[in-house]
Amino acid sequence: MFIIEEQVYFWGFLVLPVLLLLFLTYVYWKKKTQKKFAEIKLFKKLAPDQSTFKSNLKFIVLSLAFACFVMALVNPKLGTKMETVKREGVDIVFALDVSKSMLAEDIAPNRLEKSKRIITEIVNNLASDRVGLVGYAGSAFPQVPITTDYSSTKTFLQSMNTDMVSSQGTAISQAIDLARSYYNDDDQTNKVLIILSEGEDHDGNAENMAEQAAAEGIRIYTIGVGTERGDPIPIKRDGRIQSYLKNDAGETVITKKDTETLKRIADIGNGTYIDGSSTSGSVDEILNELQKIEKTEFEAKQFADFKSKYQWFLGFGIFLVLIDVLLLDRKTAWVRRLNLFNERKKDEE
């Protein structure tokens, strides 16, 4: 197999016709100037060792050297052997609560940013697992499908905010239901759902949905962010708190972490509840849990092991440059002594 790494450098070959045109122009100018100086027969007597062939040969050698350098920049590669690369891992879907209650600052800097940090650190410590991302509040929405592109996942994660869903509330059941559609049953991979929330479940159907997910082989882990004493939900403008969210009665809303609900969901989902107060602690705990899960092969691809061959072109180009340096414009003495074309007799005449 043969591939070209840097095809853009092929444009360098367009320089060769320009060099040829300049060389022909130079040869024409040289002959015209020589005719003004003396006749051709007389000029050959004045400069008997001057070789027209070697001048042309030097140009050809330099052109070939330039072409070799262009090919070295192009960096052609040859496939030497085929290798089979297998990927083994777990399909992990993160369900992130983006309801207004996640703006509470009972855990620094706030619940939402804390959750993002936890997810980011977990992804940073993964190797070959596939990840997906779901956002939810009063309803759930897909953010990132199952993928091995960790960089894109983290980019989309950072863009998530509480304004992404118009319907407010915390519908954990919808997040679980949407996550169920992320997994491909044909891959037969182990399935993990990690829910990050303060645990307030406004539709009351999360446990039933967790049972359905568990029946499909999805293991559910919950990470609780916030405190059980609760905190008001700040309303900010330009980074400054203007007021706090109030209910219809005009009372300040206090949002609290519902640890018991999160624990029940995790128990039903054959997983574990994890306290998200400490980023490093919760990350270590979830990674330990993931290590206990058997990895499943979900991808096996064949790749050709390509070797760069630019060294050959670079070396040959340098060799041609050295040849050009050693080539002189005058005739070679031993070739002249052979007198292959009766040049001596012509010169005497």
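The values are calculated or read from the model by the stated rules, or taken from the named source; none is laboratory data. None of these values were measured; they are calculated from a predicted model. All Cβ positions, even for glycine, are placed from backbone atoms using ideal geometry, and neighbour counts span all protein chains on display. The protein model used for the area step is the full one, side chains on, heavy atoms only, and it has no ligands, DNA or RNA in it. Shrake-Rupley method; radii C 1.70, N 1.55, O 1.52, S 1.80 Å.
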- Note on the structure: Neighbours of Tyr136 by Cβ distance under 15 Å: Lys/Arg at +1, Asp/Glu at -1, summed charge -3
- Query: Taking amide H positions as placed 1.01 Å from N in the peptide plane, with prolines and chain starts having none, which residues 5 or more places from Ile220, or on another chain, fall under 5 Å of its amide H?
  - Reply: Leu193, Gly269, Asn270, Gly271
- Message: So if I take the centroid of the Cα atoms in the stretch 308-323 and the same for the stretch 151-177, what is the distance between those two points in Å?
- Response: 57
- Task: Quickly work out the Leu73-to-Glu105 label distance, labels modelled 7 Å from Cα along the C-beta direction, and quote it in nm with one decimal.
- Result: 5.6
- Task: Could you tell me which of rounded, prolate or oblate describes the stretch 96-178, using a ≥ b ≥ c as the square roots of the eigenvalues of the alpha-carbon gyration tensor, with rounded for a/c under 1.5 and, failing that, prolate when a/b is larger than b/c and oblate otherwise?
- Result: oblate
- Message: If each residue of separation counts as 0.36 nm, what is the full-extension length gain between Asn161 and Glu294 once their alpha-carbon separation is subtracted?
- Response: 44.5 nm
- Task: Extending each Cα 7 Å along its Cβ direction at Val18 and Arg229, get the distance between those two points in nm, one decimal.
- Result: 7.4
- Query: Going toward the positive end of the dipole of the stretch 235-282, with +1 on Lys and Arg Cβ and -1 on Asp and Glu Cβ, which of Ile254, Tyr273, Gln242 do you reach last?
  - Reply: Gln242
- Message: Given a 1.4 angstrom probe, what's the average accessible area per residue across the stretch 245-287, in square angstrom?
- Response: 52
- Label-point gap, in nm, between Thr25 and Asn184 - each point 7 angstrom along Cα→Cβ: 5.9
- Task: Quick one: what are the phi-derived ³J(HN,Hα) couplings along the stretch 275-285, Karplus 6.51/-1.76/1.60 with θ = phi - 60°, whole Hz, x for glycine and proline?
- Result: 6, x, 5, 10, 4, 5, x, 5, 5, 4, 5
- Query: So which of Lys154/Lys191; Lys191/Lys257; Lys54/Lys77 end up more than 29 Å apart, counting from Cα to Cα?
  - Reply: Lys54/Lys77
- Give the relative contact order (percent, whole number) for the stretch 155-270; include only Cα pairs under 8 Å separated by 6+ residues. 27
- Item | Highest-first arrangement of 212-220, 92-100, 263-271, where packing means the average Cβ count within 10 Å | 92-100, 263-271, 212-220
- Protection-proxy order for peptides 254-261, 309-316, 8-15, each taking the mean of Cβ atoms within 10 Å per residue, highest first: 254-261, 309-316, 8-15
- Query: Cα centroids of the stretch 258-295 and the stretch 106-144: how far apart, whole angstrom?
  - Reply: 14
- Ranked from highest to lowest mean number of other Cβ atoms within 10 Å per residue, what is the order of the peptides 138-148, 197-207? 197-207, 138-148
- FRET efficiency, 1/(1 + (r/R0)^6) with R0 30 Å, evaluated for Gln7 and Asn270 via beta carbons: 0.05
